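Down below is the structure, laid out as structure tokens.
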Amino acid sequence: MQVANVNIPVTVTGRHVSITEAMRDHAMKKIRGLHLDYPRIIEAKVLLDVHKNYQHFAEIVLYCADHITIEADTTTEDMYASIDQTISKIARRMRKYKTRMLKSHRPKRSPLKEIPEAVYAPPIEEEVEAEESEIEPLIIHQEAYRIRPLYTDEAIEDMEATERSFLVFENAKTHRICVVYRRKDGDYGMIDVAAAEAALGSNGG
């Protein structure tokens, strides 16, 4: 049983803050001290930032075996507290993964609400009004996004372990690109991209 994550590649990056050796060592020690044997951590990335009003932001992303990605972030008035609280969130999410793994070998799965595949297209009038009234947003962060083949319930499990508001994946059943997203009522919705394109095409014709 793995009791410590040793020799994990850990990258610590600073934005609007100079990374001291003490900060770097603290983050690396906390990550390598995660005493969990599942999921196995392959690589970790830490982003430290100082926002306006001296709010200290820490984001940690773990890339784990079995194509699992776990991420969390925290903002406090102290960088070390932000790192510690983010590590606590990460540890809770890792425990969720381990609990699911122990429960689901396999035939019984946690009951998940089935999501009907649907296409949502706003009326043309609403689109025009939105374009006229809103200022065009700026892209302030860009990242590579790996699309993985997943079943719908697996995509939801992935969402529950992160703070992302959506997930793009290849539906392992239909082999089509889909987007699952959080709804305001706490449930999840899903968009089938190919179906959406087909619907928009037929409306245009």
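A few notes on this one:
- Being at pLDDT 75 or above, under 30 Å from Ile60 (Cα atoms) and of a type in the set (S, T, N, Q) is a condition met by at least one residue of segment 149-166.
- Every pair of residues 6+ apart whose Cβ atoms lie under 6 Å, when the first sits in segment 37-51 and is of a type outside the set (S, T, N, Q) while the second is crowded, with 18+ Cβ neighbours inside 10 Å and not in a strand (DSSP E or B): Pro39/Tyr97; Ile41/Asn5; Ala44/Ile31; Val46/Ala27
- Consider segment 19-62 and keep the residues that are aromatic (Phe, Trp, Tyr) and buried (at least 18 other Cβ atoms within 10 Å of the Cβ). The one that is nearest to Met79 (Cα to Cα) is Phe57.
- In segment 40-93, residue farthest from Phe169 (Cα to Cα) [restricted to those that are among the polar types (S, T, N, Q) and assigned to a strand (DSSP E or B)]: Thr76
- Taken together, the residues in segment 23-62 that are modelled with pLDDT of 90 or more and of a type in the set (Phe, Trp, Tyr) amount to 1.
The values are calculated or read from the model by the stated rules, or taken from the named source; none is laboratory data. Model, not experiment: these values are computed from the prediction. Note: ideal-geometry Cβ built from the backbone for every residue, glycine included; neighbour counts use all protein chains shown.
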